[in-house]
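The values are calculated or read from the model by the stated rules, or taken from the named source; none is laboratory data. Keep in mind that this is a model prediction, so the values were computed, not measured. Quick reminder, even Gly has a Cβ in these numbers, built from the backbone with ideal geometry, and neighbours come from all protein chains shown. Heavy atoms of the whole protein, side chains included, go into the accessibility calculation; ligands, DNA and RNA do not. Shrake-Rupley method; radii C 1.70, N 1.55, O 1.52, S 1.80 Å.
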Amino acid sequence: MTLFQVEFEPQASPDVLRAAALHRAVTDGIAAVAPVAGMNEARVTERLTHMIGIAPEAGDDHDRRQAVRQLMAWSVDAAELQSRKKRHKPVSQRPAGVACRLPRHARVTWACSEMVCGLCADPVPVGDLVGRMPTPAFYYQPMGWLCTHCLYLRRARPRLRDVLLRVFHHVFVGSGIGLNSYECAVMLSSLEEDPAAPRTVAWKSVPLDGVLVRLRTSLREEKHTTWLSMADGLTMVAVLRETAAARSTTEREIELMEAILQHVEEWRANAYKVEARRFDTGPRYRQESLARTTRPTVLSKLGGPFDLHQCAPGAEVSSAPMDLVI
Ligand SMILES: [Zn+2]
């Protein structure tokens, strides 16, 4: 039984399908939708390719999941598919300033059903803009479809969760933690919010006084990148978790901090006996450990490591205003 024969029951969500099952779901979906819309399959495929920005067979599992979501939406709203009026893809103008150099997205579309951002895991409502980043190199894994904030604004208007995610993915790939001045400001204000932070267990074990000086310097000099060690980054997360009750902290922030600390401890202790002979001791080891975790979290469900860098200085610079034109 396929997605298009089961009236969209929760267990038939494309989110749980992979590889060959997704290919089948796309093929079945096109075959199911074409007669409903009174179109031939080639025409449905053409519209689908326009909507997700890539032919389903040429994309990856994330693209095919989006294709299935779109086909499911069309199967209950054939008028949208039949409409001759082509919906134009949004034109985005990216933030200016030190955070303007996020790599340009590979493709964008609109959420045709409720979905979850592939980076911050926020729910994305129907109709919101979503997009894919370019395929990454090295050890990095492709992120799924990202929400508008993660596509354009996560470095210019960072939330604490954006900075926490940077810490996690930098540690995941085994690099120092590079924060721009906006991110340094968010981290600094969170660390300074509770005056008792220097008395936490984490701070006493790895004092952050020097880190605070560097964060303030980054702010004052509007530095593009301030590099912090992995130990300092993880200590900041631990201090923020310890002081969460005394600060204005959200449930989502606490969940994320606990997930980071849990996985880092699993990596440190090799909790799942990941064989160094097969997986080495770097990103592949941490990836396998995450996949084997017996306590799944928002982070283990999304995977990684993700490339959250910006482009090299001079590349992709935009002086456009902050607003998105959609
Ligand atoms: Zn997001």
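Please list, short to long, the whole-number percent of alpha-carbon pairs of region 3-82 in consecutive 10 angstrom bins beginning at zero.
21, 57, 22
Pick from Pro134, Pro283, Pro195 the residue whose mean-square fluctuation is largest in a GNM of the chain, springs joining Cα atoms under 10 Å.
With Cα springs under 10 Å in the chain, the top fluctuation among Pro134, Pro283, Pro195 is at Pro195.
Treating only the Cα positions of region 157-302 as identical point scatterers, give the base-10 log of I(q)/I(0) from the Debye formula at each q in 0.09, 0.16, 0.18 Å⁻¹.
Normalising to I(0) and taking log10 leaves -0.28, -0.85, -1.05.
If amide hydrogens are placed 1.01 Å from N in the peptide plane, which non-local residues have theirs closer than 5 Å to the one on Val116?
For Val116, the qualifying residues are Val124.
Rounded to whole Å and ordered largest first, report the semi-axes of the equivalent ellipsoid of the chain derived from its Cα gyration tensor (root of 5λ).
Working: eigenvalues 302, 111, 57 Å².
Output for the chain: semi-axes of 39, 24, 17 Å.
Could you provide, to the nearest whole Å², the per residue accessible area of region 157-302 with probe 1.4 Å?
Accessible surface, normalised per residue, equals 47 Å².
For the chain, give the percent of accessible area contributed by carbon and sulfur heavy atoms, probe 1.4 Å, rounded to a whole number.
The value for the chain is 54 percent carbon and sulfur by accessible area.
Accessible area per residue of region 3-82 at 1.4 Å probe, in Å²? Present the calculation step by step, with values, prior to reporting the outcome.
On the way: 3780 Å² over 80 residues.
In whole numbers, region 3-82 has 47 Å² accessible per residue.
Within 10 Å, count the other beta carbons around each residue, average over each peptide in 152-158, 273-279, and list them highest first. Please list the in-between numbers first.
On the way: 152-158: 21.1, 273-279: 11.1.
Most protected by this proxy first, the peptides run 152-158, 273-279.
Which angle between 0 and 90 degrees, to the nearest 10, do you get for helix 251-269 versus the longest principal axis of the chain when only C-alpha atoms count?
Rounded to the nearest ten degrees, it is 70.
Of Gly131, Ala259, Thr243, whose Cα points farthest to the positive end of the dipole of the chain (charges on the beta-carbon: +1 Lys, Arg; -1 Asp, Glu; origin at the Cα centre)?
Gly131
Got the relative contact order for the chain handy, in percent, Cα pairs under 8 Å and 6 or more residues apart?
Computed over the chain, the figure is 19 percent.
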